[in-house]
Amino acid sequence: MRIIERNGRDRPPAIRMDEHHSATTDEPRWLPFADVIILTPDRPTGRTPAALLATAATALRTVLADHPGCLVAAHDAGQGRCLVGTRDGQIVAFRHPSPWAVASAAHAWTVHGGRLADLRAVPVTVTEGAPRPANPSDGEPVRLEVRRVL
């Protein structure tokens, strides 16, 4: 996970790194060690989006309470949405197709002092292979890059 911040034209971008262990609730043997937990929920049909988000928020609070080593938990709310919660009680909904990417970005963002709500305005890019060049050429002041290592 890299947070890349533009520092102006004359200076190279600041790069902060974050490595963490993530697990899904389908991997119970890894949960005691996970910094990030992705909930793999059942999807009940016939429920309103608001009801699904309320259920997801309750599930996030429960997972964070049950796993004191976990800093961030995420819940796939369907339709390209996910809910992310942090140990300090912040819970924010995101529009992103990948809950694990948003959760990993949230971990990096919060351990470096960012507020979860501010992360909604930052592009989260999932990369494979070698990371992109560190200079955000597309005009973004901050970019988060997430790479999954299995």
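All of the numbers you see were taken from the coordinates with simple rules; none came from a lab. Because the structure is a prediction, the values reported are computed rather than measured. Don't worry about glycine lacking a Cβ; one is built from the backbone with ideal geometry, like all the others, and counts go over all protein chains shown.
Data for the structure
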| read-out | value |
| --- | --- |
| Least to most buried among 102, 63 (fewest other Cβ within 10 Å first) | 63, 102 |
| Distance in nm between pseudo-label sites at residue 120 and residue 65 (7 Å out along the Cβ direction from Cα) | 2.5 nm |
| Residue-count net charge about residue 93 - beta-carbon cut-off 13 Å; Lys, Arg +1, Asp, Glu -1 | +2 |
